[in-house]
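Here's the structure, in structure tokens; my notes come after.
The values are calculated or read from the model by the stated rules, or taken from the named source; none is laboratory data. In this text, all values refer to a predicted model and were calculated from it rather than measured experimentally. Cβ placement follows ideal geometry from the backbone for every residue including glycine, while neighbour counts extend to all protein chains displayed.
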Protein chains: 2
Amino acid sequence: MARLKCVIAYDGIRFSGYQIQPNQRTVQGELEKALKYMHKNEGIRVTASGRTDAGVHAAGQVIHFDSPLTMPSENWRKALNTLLPDDISIKQVQSVADDFHARFDVTRKEYRYRILHRKESDIFRRFYTYHVPTYLDIEAMREAATYIIGTHDFSAFCAAGTKMIDKVRTVYDVRIEQQGDELVVAMIGSGFLYQMVRITVGNLLVVGEGKTTPLTIATILATKDRKKAFATAPPQGLYLWKVSYESLNAL
Amino acid sequence: MARLKCVIAYDGIRFSGYQIQPNQRTVQGELEKALKYMHKNEGIRVTASGRTDAGVHAAGQVIHFDSPLTMPSENWRKALNTLLPDDISIKQVQSVADDFHARFDVTRKEYRYRILHRKESDIFRRFYTYHVPTYLDIEAMREAATYIIGTHDFSAFCAAGTKMIDKVRTVYDVRIEQQGDELVVAMIGSGFLYQMVRITVGNLLVVGEGKTTPLTIATILATKDRKKAFATAPPQGLYLWKVSYESLNAL
């Protein structure tokens, strides 16, 4: 048995999220189906760095699995891409130590959120961006973002009903950059709570629209109360962009 | 009865082309369904500037229809967008003279073709670009394009089996521009034969890949024989970009 680490991309639109569920089309379900086929009907369990919600995309999700098959990484990549549907793409396959773990060994994650920031909607990006036609004060959003950076209890920015007890996370950076007609929010952290990025973006947008001050974001965070925060941004603008592992990747 | 002209966009992926066909999902079919609903079950026929194939997109298709209803253009736009599926968008509605004709009055059309020109594919643009990972000599493609510009018999660049007898068309311009990691071919002409843009792009790519010289394109065109031309580029990179009418639009 050898352990393999894969970097994968997927278009979240036609999936009921990453995690396997009965009678639903999921990314994990499709991956395990392809692996089962390659292993002559033997079930192979796939472990990801974390789940993503329905409609959320991944440009650099990381998974691992164990296999008795031996072949070069490039052959693995090609075989899996041949078997997988066109909305999942294996970008890289790498042989790793038996104790590598795609979830437990994560040292940092980067999410990106794409906002189509112009008056007209774009039918060709309706599944890949969130359209915000109103004026946005980007400097105010950047100021608000500074209150998010650092080690905080992010309870106020975590979807209600989350079972996770420890809600302290470290956000290393939040960058807001104009890229053509899009505004891209990149958020890098040690780990993220359920819907934390979408709630953060939703709150930054309220600041951008001038409906509240940047400092309010610090106040909301301090309440540790989800009910105090503003709305969650929709899933289609969100991308799990990169997952890093100290021992494997130079950061 | 008043005649209305609409500029519409659509995502071609889930349509069996523009033109209505029994038991197929088509753009015209969806438009006429929405209009029938607005007109209390009375059938309204829609006329477009021309058809587009399955998988081909439109950013600026033009249609016209006649209606006994009277309301401001903006209300028409909103009502139709509410009734139409999310892969058709009405960009503009305009009241026009009774003798305006979306097809017969066209003075020029612009098509664009988006080539994703980089090594890695992009799962998020698989329906919206044609991925060409190989080296392309853009200057050679631009030289080949100069042989396309002008008034020619485009029989060699028209899909076999086309019933149209007069295959002389005027191409005003072919521009090839780098936009980020995409190469965009814009083609402007008096009118286009069936698959003419996709065949042109397919041939320009053969030149770009260095498999033939730019001058070969002039030679192929002169044969007036489709069998002499190279392959047709796939539909998903193609956009009907703009349709112009001398009497209505400044060119």
Within segment B:1-58, considering residues that are touching a residue at least 40 places away in the same chain (Cβ under 8 Å) and acidic (Asp, Glu), the one farthest from the other protein chains (Cβ to nearest Cβ): B:ASP53
Any hit, segment B:123-142, residues being under 18 Å from B:ALA229 (Cα atoms) and either touching a residue at least 40 places away in the same chain (Cβ under 8 Å) or in contact with a Gly (Cβ under 9 Å, 6 or more places away or on another chain) (or both): yes
Single unsatisfied condition, B:VAL174 versus (1) touching a residue at least 24 places away in the same chain (Cβ under 8 Å); (2) assigned to a helix (DSSP H, G or I): (2)
Count - residues of segment A:81-120 that are within 14 Å of chain B (Cβ to nearest Cβ) and among the aliphatic types (A, V, I, L, M): 4
Given (1) surrounded by 19 or more Cβ atoms within 10 Å (Cβ to Cβ); (2) in contact with a Phe, Trp or Tyr (Cβ under 8 Å, 6 or more places away or on another chain); (3) of a type in the set (A, V, I, L, M); (4) away from chain A (no Cβ under 14 Å), number of the condition B:ILE123 does not satisfy: (4)
So A:LEU204, is it in a helix (DSSP H, G or I) and either crowded, with 19+ Cβ neighbours inside 10 Å or among the charged types (D, E, K, R) (or both): yes
Every residue from segment A:138-167 that is modelled with pLDDT of 95 or more and among the β-branched types (Val, Ile, Thr): A:ILE138, A:THR146, A:ILE148, A:ILE149, A:THR151
Residue identified as under 18 Å from the mean Cα position of the chain (by Cα) and either in a loop (DSSP other than H, G, I, E, B) or surrounded by fewer than 18 Cβ atoms within 10 Å (Cβ to Cβ) (or both) among A:THR212, A:THR232: A:THR232
Residue within segment A:80-90 that is over 20 Å from A:LYS33 (Cα atoms) and either at pLDDT 95 or above or not assigned by TED's automatic domain parsing to the domain that holds A:TYR239 (or both) present: no
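From the list B:LEU4, B:LEU80, B:LEU31, B:LEU84, which residue is under 30 Å from B:THR170 (Cα atoms) and under 23 Å from the mean Cα position of the chain (by Cα)?
Testing whether each residue is under 30 Å from B:THR170 (Cα atoms) and under 23 Å from the mean Cα position of the chain (by Cα) leaves just B:LEU4.
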Residues (acidic (Asp, Glu), in contact with a helix residue (DSSP H, G or I) (Cβ under 9 Å, 6 or more places away or on another chain) and farther than 21 Å from A:LEU240 by Cβ) located in segment A:146-186: A:ASP153
A:HIS152, sole failed condition from (1) within 13 Å of A:VAL197 (Cα to Cα); (2) touching a Leu at 6+ places or on another chain (Cβ under 8 Å): (1)
